Structure formats: C-alpha cells, structure tokens
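A.B. asks: Next up is a structure, given as structure tokens.
The values are calculated or read from the model by the stated rules, or taken from the named source; none is laboratory data. All figures in this text were calculated on a predicted structure; none of them were measured in a lab. Glycine also receives a Cβ, built like all others from the backbone with ideal geometry; neighbour counts cover every protein chain displayed.
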C-alpha cells in the first residue's frame, strides 16, 4: 500500500517533502494515513477486521484439532528462545491452533520520510506499507485481495493498493486420507519412532496444484533437522538426517506400492 503514489497528485499532498516547522498541522502526513488505515485492519485483540475476510474459512475437523492438541510443546522454551514474554494476541489461542487453523495479516515494513540518525523534522511526501496475508483452507487469494482493496477504498481512498497477484491458494489434505497410515508405517519402519502428525503446514508451498487442480492428496514428510536454518546462508542437513531420509524414501515407495496393489 502506498500513500500516495510518488507520481500522483493526490488531494492535500505536497509535491515534495516539506519542513514540519513550516507546515506541521497544515499538510497531511501520509505516514499517519497509513498508520490509521492499518489499524482498521487488525485490532488489539488480534482479530483481522476486514469485511468478509473470514467468510469462506472451513473450521478444522475434530481429528485435526485432536492432532494439533497431541503435538509436543514446550512453550516456555519457545518463548525463551525467541526472547518473548508472551505470544501475540489473542492470548487464549492455542499455539498450534495459531499455526494450523488461523489466517494471518502481517505488516512486513512501513516506510516513509526520514528515520536516520539525528534530526530531520520533515513531513514526508509519500509512505509505503508492505504486508502479507497467509490463508487457510477454502480462502481464495483473488477474493481476499478484492476485500482488502475494498477496505482500503472505504477507509483511505487516497491510498493506492498494489496487489502482488495472483497470490497462492491454500491447500490442505484431510487427515482421513488413505495415504496417512501407509506414510506413518513407512516412517516408523525407517526411523523406529512414531511420526508427529501435523494437520496443516505453516509455510508457503504450491500444494494447491495437486489438491485443487489435479485432485491428488498432498502430504509432506520433512527430512531435515529441526535447526536446519531454512533459507539462511548456513542452511544445513545433518548426515544422520540425510541417511534417514534415504531409508524413509525407500520405505515410502514400498508402502505406497503396496497400497496401489490393494
């Protein structure tokens, strides 16, 4: 979102950055415009307040809630590792419910004016906010972008909304899938431990290509170590995970092969 676009002649917007001494309280500050707009999108209780945003969400099935409740959790250790005193609002929402079952709206960055060292008392000409939205099952990225655009038009019509289309549809395979049990057996055979069953993943993968376009169940079996530092310069894979991954892959092919013969 941008308030206003640099090339525009938006109402009550100066053609350049001006001094807050000469024009403070006279010239509209686009950073405040964005701050007020963003505040209408999510309240202090952690609720996303864009009209219609939650309309199409499919609530988790009982087996999905039960699976999330069974996942091991050391919340004190997580907060210690991240140097947190408490989690994001709402406080009563369970940890894995947050990750598996609820969409998010994140402000990635808010920019404008001067934020460097020392003083520069200016009123900025333009301000920018970059956000992301993570969807859950049955939400449609085109529909959600339309609702965000309508929200911006209603609350701050002078702000330009720029969508990075088309976005990525959410994807979820039911835990009742016929592949769940063979995959569980394969991991147990290869690793000697019962796998943890997550009802939904936390990342961005084009799983919808399989589940929504091809109509094929899609399940993820991670092979990496927990501290693999995903996408970082020091992303890594331990040797035991590497060899266990080979064993797991072979066991998966064996179990899925048996299923195909049934």
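A.B. asks: Looking at segment 62-122, what helices (runs of 4 or more DSSP H) fall wholly within it and have at least 2 residues that are outside the structural domain of residue 200 (by TED's automatic domain parsing) and touching a residue at least 24 places away in the same chain (Cβ under 8 Å)?
C.D. replies: So the answer is 62-70, 95-101.
Residues are listed down the side, and each one gets a yes or a no for (1) on the phi < 0 side of the Ramachandran plot; (2) surrounded by 14 or more Cβ atoms within 10 Å (Cβ to Cβ); (3) out of contact with any strand residue (DSSP E or B) (no Cβ under 8 Å at 6 or more places or on another chain); (4) at pLDDT 95 or above:
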| site | (1), (2), (3), (4) |
| --- | --- |
| 20 | yes, yes, no, no |
| 30 | yes, yes, no, no |
| 48 | yes, yes, no, yes |
| 62 | yes, no, yes, yes |
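A.B. asks: Which one of 112, 146 is touching a strand residue (DSSP E or B) at 6+ places or on another chain (Cβ under 9 Å) and surrounded by 13 or more Cβ atoms within 10 Å (Cβ to Cβ)?
C.D. replies: Going through 112, 146 in turn, just one is touching a strand residue (DSSP E or B) at 6+ places or on another chain (Cβ under 9 Å) and surrounded by 13 or more Cβ atoms within 10 Å (Cβ to Cβ): 112.
A.B. asks: Mind counting the residues in segment 75-109 that are surrounded by 10 or more Cβ atoms within 10 Å (Cβ to Cβ) and more than 18 Å from residue 57 (Cβ to Cβ)?
C.D. replies: Matching residues across segment 75-109 total 10.
A.B. asks: Taking only segment 157-190 into account, find how many residues are assigned to a loop (DSSP other than H, G, I, E, B) and without any contact (Cβ under 8 Å) to a residue 40 or more places away in the chain.
C.D. replies: 8
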